[in-house]
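Some notes on the structure that comes next.
The values are calculated or read from the model by the stated rules, or taken from the named source; none is laboratory data. Please read all numbers here as calculations on a predicted model, not as lab measurements. Cβ: placed from backbone, ideal geometry, glycine included. Neighbour counts: every protein chain shown. In case anyone asks, the SASA skips ligands and DNA or RNA and just uses the protein heavy atoms, side chains included. Shrake-Rupley method; radii C 1.70, N 1.55, O 1.52, S 1.80 Å.
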Amino acid sequence: MSLKDSISFYAKMANKEINDDMIYEYMNRLSLHLEINTYVKTMSIGERQRLTILCAMMKDAKLFIFDEPTAYLDNENKELVYKIIDYLSKKLHKMVLIASHDDFMIQRADRIYKIEDQQLNLIKDSFYIIENKGQVKQTISYVHDYYHKIKSQTQSIINIMIAIVLGIIVGLFSFSLIYSYDYYHGSQDKLVSLLNNEIRLVRSDGKTLKTKDYNAVTYDLMNLNVYQYYQCDDIIEVNNQIYDVTIIPYYSFENYDNNLYKDFNEGDCFVSYELYRETNCQEVILNGITHSVRGVISPSSTNINCIYIKIDTFNQIYDISLLNLGYIIVQLKSMNDIEYVVENLSSDYEIVSDIDISARVNMIKDFNPLYLIIFEIIIILSYFIYHIYVLYDNKISIMLLKVYGFNNKRLCKLNFIDKWKTYVMMVLLGAIIANILMVIYVIIDYILIINGLIFLHVLLFIIIEFIIYFIFVSYHTPVMLLRGRKRR
């Protein structure tokens, strides 16, 4: 900063209004004969020392500490330093503490302590009065100005880019999480429904299934319900016409209601679309018994003229001992059952389906939201590693703010003031991206959930970031600053 910037900064700290004329007046009192727009980095060490005193005067500090202020100075400059110190103590009623070996300063002190044998001994005392002024309430605005002053343009651009990137990541992740959840669970239910709550098995070598095959599959899939499946050919008469049909039994868990071309609401059997198209039948007669048609199954590439009846009815009409075992049926209740079959089924048997079940299972697994959560954790950790790096790079500024009188709470408040625009940008950008994608992919039922998810994401960022910041500022104290300077 410039000389004027520094003085104005400290004046704001004490809620003082100051103009250029006042700055020059204070500078003259401290024999600081420079232009007010002079940059601090171009000033000499002595000029910087006097500027520091002037800034402390602007801050209205109660205590001034000088470490060997007259070391390596000639008598003329010693007198100058003493006049400044005398002005602080006598005119401004400040307490001035000086560490010195210089008799020039020692002789002029009001109270003198000497350190001998690790003891602090009072060797001179004088009566003096310190005016006790009330604490000036500090404001954040001037430190906010200071933050923006010391921030480089490059750092500001980086912060904007980080906010944009994080906003995009939060938006995309929130959408992906909702989409994958919807797809993951919706696809599971859809796959179970497409399979009609069952998986049909045959022998891999193409041979006819036997009872021993049923027993082997039952053993392999002991956690699931396994059934034997028979079907037979028969003839029916509709409107004085004879039709060849295939009679297919169905179990109670097989849900044909989800795959109906026409629904008659009542009845105890189903017919294929192909048979209904030829006969327009709503009743069928099997073994002399009339059965009402419950509904018409949607067109299929595998079945032609079929009648679907309950397994109990099928067993009453036909002697299954005379029929070949067509399939082994495994009842499905959830996606876990499908995965169980895929993982535990013996290689002697294979699944009969128009759907590539293994590929579907693997694809659904790839949409597991857990993978996205792991990915986001990696992104968050990367960001906070960068955040810690930036804090460490600015640790001197943080410690100086503590020297200025800021406690941890006020520093955290300052940090929030400095970052709130970043958080707002993250929320807005994330919400815009996520909501646009929700509309495009027509899953608007989750609009409120996804916006709440974005807000929770940013809130999580804020909480973690402030925990890190609080720990950092608690650890880095002004004492560390002094020690660090001593080492240098």
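Structure above, values below:
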| read-out | value |
| --- | --- |
| Restricting the stretch 6-43 to residues that are among the polar types (S, T, N, Q), assigned to a loop (DSSP other than H, G, I, E, B) and over 22 Å from Ile85 (Cβ atoms), the residue that is most open to solvent (accessible area, probe 1.4 Å) | Asn37 |
| Residue, modelled with the highest pLDDT, within the stretch 332-344, restricted to residues that are in contact with a helix residue (DSSP H, G or I) (Cβ under 8 Å, 6 or more places away or on another chain) and open to solvent by 30 Å² or more (accessible area, probe 1.4 Å) | Asn344 |
| Checklist (1) modelled with pLDDT under 90; (2) over 43 Å from the mean Cα position of the chain (by Cα); (3) of a type outside the set (Phe, Trp, Tyr) applied to Asn15, failing item | (2) |
| Residues of the stretch 82-96 satisfying the condition of being under 56 Å from the mean Cα position of the chain (by Cα) and either part of a loop (DSSP other than H, G, I, E, B) or farther than 24 Å from Phe9 by Cβ (or both) | Ser89, Leu92, His93, Lys94 |
| Within the stretch 300-317, considering residues that are of a type outside the set (S, T, N, Q) and open to solvent by 40 Å² or more (accessible area, probe 1.4 Å), the one nearest to Ile199 (Cα to Cα) | Lys310 |
| Qualifying residue in the stretch 471-485 (condition: open to solvent by less than 20 Å² (accessible area, probe 1.4 Å) and either closer than 17 Å to Leu166 by Cβ or in contact with an Asp or Glu (Cβ under 9 Å, 6 or more places away or on another chain) (or both)) | no |
| Subset of the stretch 97-107 [part of a helix (DSSP H, G or I), open to solvent by 50 Å² or more (accessible area, probe 1.4 Å) and touching a strand residue (DSSP E or B) at 6+ places or on another chain (Cβ under 7 Å)] | Ile106 |
| Single unsatisfied condition, Arg277 versus (1) in contact (Cβ under 8 Å) with a residue 24 or more places away in the chain; (2) surrounded by fewer than 18 Cβ atoms within 10 Å (Cβ to Cβ); (3) farther than 25 Å from Leu323 by Cα | (1) |
| Of the criteria (1) more than 22 Å from Lys409 (Cβ to Cβ); (2) crowded, with 17+ Cβ neighbours inside 10 Å, which one Leu456 fails | (2) |
| Near pairs, Cβ below 6 angstrom, 6+ apart or cross-chain, from the stretch 304-318 (touching a residue at least 24 places away in the same chain (Cβ under 8 Å) and of a type outside the set (D, E, K, R)) to any residue that is open to solvent by 40 Å² or more (accessible area, probe 1.4 Å) and in a loop (DSSP other than H, G, I, E, B) | Ile317/Asn287 |
| Among residues of the stretch 284-299, those that are under 18 Å from Asp233 (Cα atoms) and open to solvent by 50 Å² or more (accessible area, probe 1.4 Å), counted | 5 |
| Selection count where residues are closer than 23 Å to Asp319 by Cβ and either free of Cβ contacts under 8 Å to residues at least 24 places away in the same chain or not in a strand (DSSP E or B) (or both), scope the stretch 243-273 | 4 |
| Cβ-Cβ under 6 Å pairs, at least 6 apart or on other chains, the stretch 440-453 side under 14 Å from Val170 (Cβ atoms) and without any contact (Cβ under 8 Å) to a residue 24 or more places away in the chain, far side open to solvent by less than 100 Å² (accessible area, probe 1.4 Å) and part of a helix (DSSP H, G or I) | Asn451/Ala431 |
| Residues being of a type outside the set (Lys, Arg), surrounded by 18 or more Cβ atoms within 10 Å (Cβ to Cβ) and under 51 Å from the mean Cα position of the chain (by Cα) - total across the stretch 57-81 | 5 |
| The stretch 200-216 - residue that is farther than 14 Å from Gly326 by Cα and of a type outside the set (Asp, Glu) and, of those, least open to solvent (accessible area, probe 1.4 Å) | Ala216 |
| Selected residue [touching a His at 6+ places or on another chain (Cβ under 8 Å), more than 24 Å from Leu195 (Cα to Cα) and of a type in the set (Val, Ile, Thr)] from Ile236, Ile285, Ile289, Ile242 | Ile285 |
| Residue that is touching a Pro at 6+ places or on another chain (Cβ under 7 Å), at pLDDT 80 or above and either open to solvent by less than 40 Å² (accessible area, probe 1.4 Å) or closer than 19 Å to Glu376 by Cα (or both), where the choices are Met426, Met399 | Met399 |
| Sole exception among (1) open to solvent by 30 Å² or more (accessible area, probe 1.4 Å); (2) under 18 Å from Ile297 (Cα atoms) for Phe270, by number | (1) |
| Residues that are modelled with pLDDT of 85 or more, touching a helix residue (DSSP H, G or I) at 6+ places or on another chain (Cβ under 9 Å) and either acidic (Asp, Glu) or exposed (fewer than 13 other Cβ atoms within 10 Å of the Cβ) (or both), drawn from the stretch 345-358 | Asp348 |
| Enumeration of residues in the stretch 222-242 that are under 16 Å from Tyr308 (Cα atoms) and either assigned to a loop (DSSP other than H, G, I, E, B) or in contact with a Leu (Cβ under 9 Å, 6 or more places away or on another chain) (or both) | Gln228, Tyr229, Tyr230, Gln231, Cys232, Asp234, Ile236 |
